[in-house]
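Report on the structure given below.
Throughout, read-outs are computed from the coordinates displayed, never taken from laboratory work. All values derive from a computational prediction rather than experimental measurement. Glycine also receives a Cβ, built like all others from the backbone with ideal geometry; neighbour counts cover every protein chain displayed.
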Amino acid sequence: MTVRHRIRRSVLTLALPVTVSTFLQRAEGIVAVFLVGGLGAESIAAVGLGQLLLFIGTTLLSGLSVSANVLVAQLWGAKRLHDAGEAAVHLIGCSVVMSFLLAFIGMGVSQPAMVAMGAQPDVLLLAAPYARIIFLLVPFTVLIQVSSSILQGTGDTKTPMYALLGVNLLHIGIAYPLIYGKWGAPAWGLEGAAWAAGGAEATGALYLLRRCQALFKTSERVRVDLIRSAWEIGAPVVGERILQQAGVMLYTKIVLLYGTVSYAAHQVGLSIESFSFLPGYGFAIAAATMVGQSIGAGKYVRAKLENWEANRLAAMGMAMMGAVFFFFPYLLMRTFTQDEAVIQLGTHFLRIVALLQIPLALTMVLAGSLRGAGDTRFILWATTIGMWGVRVPLAVILGVWLQFGVVYVWMAMIADWSVRMVLLLWRYQSERWRAIQLLR
């Protein structure tokens, strides 16, 4: 078996469980909305609001997960197993401290935030206690993310997949009786849904921590060097995610100017397109792990081979998804809505995002490879240029100033992701990432 074939098999072995894990993470939120559907539209809206605030809150801690994956991968590749264990302990400790801080802030500001977002009084009455509970239990959510990243950094992507599968099954088993008072359980409604999600995630977090325990190494002192490296990796990641979400919110406001049908087509189209992100994200994590381990071992040529193989596989997979979006948009839209106006406009959206799939695949994997090298600062700049230098200005010019159709506003996404792809490709080919030294 050639080196390329071995690398391809390793990429697939790492990427497929991550793809399933990503699906399971998203499925938990979808299932939560589905389970409370019998309580009425207000309950569905309340869960949606709570999940949105939780997503925004955990985005602020997303740097911890990336830092865990990159630091552990590089130390693991360098055979510095004791340091990798100490890094895991430090990152878990930081996660506990930061997640408790997030819980305290989230419980305090969730209700005022919902009011500011325009929540109606009947929705707010349900959403406020729901949000307080999920923020109270958010440390378990963060611990699942960080401990999964630690294990992925060692090359173990299957254990997080099994953990998330268990979390989803347990969530369903607990939530249904607690929401509706079945099988002798109290009927707690939305609060039952929140406690069920928290209980399932607590179980998953404890299981993953148990599996990480073999890696843990105690230290007599706080390792400032590890904390500094985690900060250098994670801080730009947080900035990148904040700028991305802020840009998406402004871009969505521009789409809203075209009316309810355009917005509905946009949202349904995004829901369909999100399935193509799953393999892209899986290959991005595989690239980050493999490139990180190879750089830790000083095998830069192998790191480049791993990056290109992950790019090739991701591009092939997402190109096939793009072909489905392009040739069968009507059928896909029909599965989500029966509104003909939304379906007709949504077919244009899906054909546009079909053209995005290869640039998006390459951008995701290149970003994963650069993160594996610790080059998160350049990804921040690429996101800033793509979103705020290309997509938003183009959407404003085409949609607000020139008042072209919404299809032209959607085409700004192609320009955004193409620019990001070119920037990240240039950065990777320049090999400036080889000069970054995380491990001292």
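The table below lists the values:
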quantity: Mean residue ellipticity (222 nm) of the chain, computed from DSSP H runs ≥ 4 via -39,500 (n - 2.57), nearest 500; calculated: -28500 deg cm²/dmol
quantity: Cβ-Cβ FRET estimate between Ala415 and Leu331, R0 fixed at 30 Å, reported to 0.05; calculated: 0.60
quantity: Net lengthening on full extension, Phe104/Asp225 (0.36 nm per residue, minus Cα-Cα); calculated: 40.7 nm
quantity: Three-way shape call for the stretch 313-396 based on the alpha-carbon gyration tensor, with the a/c threshold at 1.5; calculated: oblate
quantity: Length-normalised contact order for the chain - Cα pairs under 8 Å, 6+ apart - percent; calculated: 22
quantity: Lysine pair number, Cα distance threshold 27 Å (strictly under), the chain, separation 8 or more or different chains; calculated: 8
quantity: Length-normalised contact order of the stretch 167-293 in % [C-alpha pairs under 8 Å, at least 6 apart]; calculated: 12
quantity: Cα Rg over Rh - the stretch 235-435, Kirkwood; calculated: 1.01
quantity: Local electrostatic count, Ile358, Cβ distance below 15 Å [Lys/Arg +1, Asp/Glu -1]; calculated: +1
quantity: Overall form of the stretch 1-83 per C-alpha gyration tensor (a/c, 1.5; a/b vs b/c); calculated: oblate
quantity: Under the span-like rule (Cα at least 24 Å along the axis, Kyte-Doolittle mean at least -0.5), DSSP H helices of the chain; calculated: 3-35, 41-59, 81-116, 158-180, 190-212, 224-256, 260-296, 300-327, 340-372, 406-430
quantity: Peptides ranked, highest mean first, by Cβ atoms within 10 Å: ranges 240-251, 356-367, 381-392; calculated: 356-367, 381-392, 240-251
quantity: Burial ordering of Leu71, Leu165, Leu394, fewest other beta-carbon atoms within 10 Å first; calculated: Leu165, Leu394, Leu71
quantity: Rg followed by Dmax, in Å, when the chain is reduced to its Cα trace; calculated: 21.9, 66
quantity: Relative contact order [Cα under 8 Å, 6+ residues apart], the stretch 3-222, whole percent; calculated: 28
quantity: Shape of the stretch 94-194, Cα gyration tensor, a/c cut at 1.5; calculated: oblate
quantity: Ranking of Lys253, Lys304 by count of other Cβ atoms within 10 Å, fewest first; calculated: Lys253, Lys304
quantity: Most to least packed among 183-191, 206-214, 344-352, 309-317 [average Cβ atoms within 10 Å]; calculated: 309-317, 344-352, 206-214, 183-191
quantity: FRET E, pair Ala187, Leu136, Förster distance 22 Å, beta-carbon r, rounded to 0.05; calculated: 0.60
